[in-house]
Amino acid sequence: MPDLNLRGVRIHTGFLDPAEQAAMVEDIREVMRAAPLFRPQTPYGKQMSVRMTAAGQFGWFSDKSGYRYVDRHPSGMAWPAIPPSILRVWTKVSDVDRDPECCLVNFYADGARMGLHQDKDEADFSMPVVSISLGDDALFRVGGLSRGGTTESVWLKSGDVAVLAGDARLLYHGVDRTRTGSSALLPKGGRINLTLRVVN
């Protein structure tokens, strides 16, 4: 059972212990070496404040042509495989029998944020989105099924896992800010957020 329920978003606090977090960071470093972080541009021509990369069959991408999944890194290389340490989290919390096809890796440096948005570039909304937090705390905001209206927020800490599924799958959500220096997991600071999705 999740420890918190924020408007239907299931949050498993402290799901990963410190050793598991450190091992997962090393796995992510391997992903980043194969597919370096890049900063996408929104369709409106503005660069996002987070840097990102991906693992799996697909990665998420944005430019003036719009938001979409692509099967290659901007360098032209295929995305690396999703590490087993990350797949194990999906298996434990997703409650579905399909494997994720994308692990989006978002890196939040000091000052980075993610505006309220829906995850709706996938084909099957019956499949959940599983989010893993590593590093500095992040103020996670959740709204409703349309823009506007009230929202609620919670601080996600390193090792927490959130699941957007069922009626909560298409809720607007985002990260208002991070709490710099709140975690010693990443030597140079920052936050890594991993989101696992079924794309097709």
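The values are calculated or read from the model by the stated rules, or taken from the named source; none is laboratory data. Owing to the predicted nature of the structure, the values given are computational and were not obtained by experimental measurement. All Cβ positions, even for glycine, are placed from backbone atoms using ideal geometry, and neighbour counts span all protein chains on display.
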Taking region 158-182 and keeping only residues that are buried (at least 20 other Cβ atoms within 10 Å of the Cβ) and either without any contact (Cβ under 8 Å) to a residue 24 or more places away in the chain or within 10 Å of residue 138 (Cβ to Cβ) (or both), one is left with 158, 160, 175, 178
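Can you name the residue in region 118-142 that is in a strand (DSSP E or B) and either at pLDDT below 95 or among the hydrophobic types (A, V, I, L, M, F, W, C) (or both) and is also surrounded by the fewest Cβ atoms within 10 Å (Cβ to Cβ) among such residues?
Filtering region 118-142 down to residues in a strand (DSSP E or B) leaves 129-135, 137-142.
Restricting the remaining residues to those that are either at pLDDT below 95 or among the hydrophobic types (A, V, I, L, M, F, W, C) (or both) gives 129-130, 132, 134, 138-140, 142.
Numbers: 129: 24, 130: 26, 132: 28, 134: 25, 138: 27, 139: 15, 140: 23, 142: 21.
My answer is 139.
Just the residues that are of a type in the set (Lys, Arg) and either surrounded by 13 or more Cβ atoms within 10 Å (Cβ to Cβ) or closer than 17 Å to residue 107 by Cα (or both), please, taken from region 37-67. Lay out the reasoning, then the answer.
Going through region 37-67, the residues of a type in the set (Lys, Arg) turn out to be 39, 46, 51, 64.
The answer is 39, 51.
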Cβ pairs under 7 Å, 6+ apart or interchain, first in region 48-70 and closer than 14 Å to residue 80 by Cα and free of Cβ contacts under 8 Å to residues at least 40 places away in the same chain, second part of a strand (DSSP E or B) and not charged (D, E, K, R), ordered by first then second residue, are 70/59; 70/61
Please find, within region 154-179, the residue that is nearest to the chain's Cα centre (by Cα) out of those that are closer than 17 Å to residue 110 by Cβ and assigned to a strand (DSSP E or B).
-> 175
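Can you report the number of residues in region 10-49 which are farther than 19 Å from residue 73 by Cα and in a loop (DSSP other than H, G, I, E, B)? Before the answer, list the steps.
Going residue by residue through region 10-49, those that are farther than 19 Å from residue 73 by Cα are 10-26, 44-46.
Retained after the next criterion (residues that are in a loop (DSSP other than H, G, I, E, B)): 13-17, 44-46.
The total comes to 8.
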Determine if region 187-199 includes at least one residue that is out of contact with any Lys or Arg (no Cβ under 9 Å at 6 or more places or on another chain) and farther than 19 Å from residue 50 by Cα.
-> yes
